[in-house]
Amino acid sequence: MAEWNDPRITTDRSGVVNTATVGVPRATRDAGLRSYMLSVYNYMASGVLLTGIIALLFAPYAQQVLLNPTGQGMSPIGWIVTLSPLGFVFAMSFGVSRMRTSTLQMLFWGFAAVMGLSMSTLFLVYTGVSIAQTFFATAAAYLGLSVWGYTTKRDLSGIGTFLIMGVVGLLVAMLINMFMRSSAMGLAISAIGVLLFAGLTAYDTQRIKSMYFQVAGSDMMGKVVIMGALSLYLDFINMFQFLLSFMGNRR
């Protein structure tokens, strides 16, 4: 099996020589890769931290602002807050080639902030202690999966397509269950969701690592760092929310 993610390889997956690493000592390449991955993780962790702080601070006002006065369903503002993160993700994904790195940075922080507003409603459903416990459990699992994705010599690109297709199927199942309101189906969706995003954590880590050898030394480096952080952020947040369905104690 081709070890295309090995830092010693100076060609990309298509066999084209990566001019950014030709003639560069391995120690320098390794240091560059570590710096690159550290930047990705710093952005991702900072985004999660910003989301958590905003969710915690906004939680006392979530019911009045995001929910209808009757307590049933979301208010118009609630729908805007809930759907806004999708707008940020689409804007960043489709506009990455045209946007400046600074623009992507602002969109990433805006996305993390809006996610905090949206996730503040979790404090209305689950106890603070169970949310904290689930967060640390997710962080521990996430760290292990990401380290494995970074260090493994196995090419995970084959399972990537399967996992992404699984996420699409999961979204369809979630839409169906919005009408069925089946608790058994809800638990099954949560279990599958945890497994899918656990796999995506390892896959995305390896994919982001491999991107370094394609963009090293180019003006795309900053953009790839931010988009990589966005992918890892989404993996973490989704795994956390699905796991919370199991571990969370409802109020």
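Brief remarks follow.
- Output for the stretch 66-91, where each listed residue is among the hydroxyl-bearing types (Ser, Thr, Tyr) and within 12 Å of Leu107 (Cα to Cα): Ser84
- Residues that are closer than 22 Å to Arg98 by Cβ and under 8 Å from the mean Cα position of the chain (by Cα) within the stretch 221-232 comprise Ala229, Leu230, Ser231, listed in sequence order.
- Positions within the stretch 207-219 being touching a helix residue (DSSP H, G or I) at 6+ places or on another chain (Cβ under 7 Å) and either more than 9 Å from Gly149 (Cβ to Cβ) or buried (at least 23 other Cβ atoms within 10 Å of the Cβ) (or both), in sequence order: Ile208, Met211, Tyr212, Val215, Ala216
- Test for Met99: is it more than 25 Å from Met227 (Cα to Cα) and either buried (at least 21 other Cβ atoms within 10 Å of the Cβ) or of a type in the set (A, V, I, L, M, F, W, C) (or both): no
- Residue check: Ser118 meets all listed conditions (1) out of contact with any Ser or Thr (no Cβ under 6 Å at 6 or more places or on another chain); (2) part of a helix (DSSP H, G or I); (3) of a type outside the set (Phe, Trp, Tyr); (4) surrounded by 15 or more Cβ atoms within 10 Å (Cβ to Cβ) but one, namely (1).
- Pair list, Cβ under 7 Å, 6 or more apart: the stretch 88-103 residue aromatic (Phe, Trp, Tyr), other residue surrounded by 10 or more Cβ atoms within 10 Å (Cβ to Cβ): Phe88/Leu107; Phe88/Gly110; Phe88/Phe111; Phe88/Val114
Values quoted throughout were computed directly from the atomic coordinates according to the rules given, and no laboratory measurement underlies them. All values derive from a computational prediction rather than experimental measurement. So basically every Cβ, Gly included, is an ideal-geometry build from the backbone, and we count neighbours across all protein chains shown.
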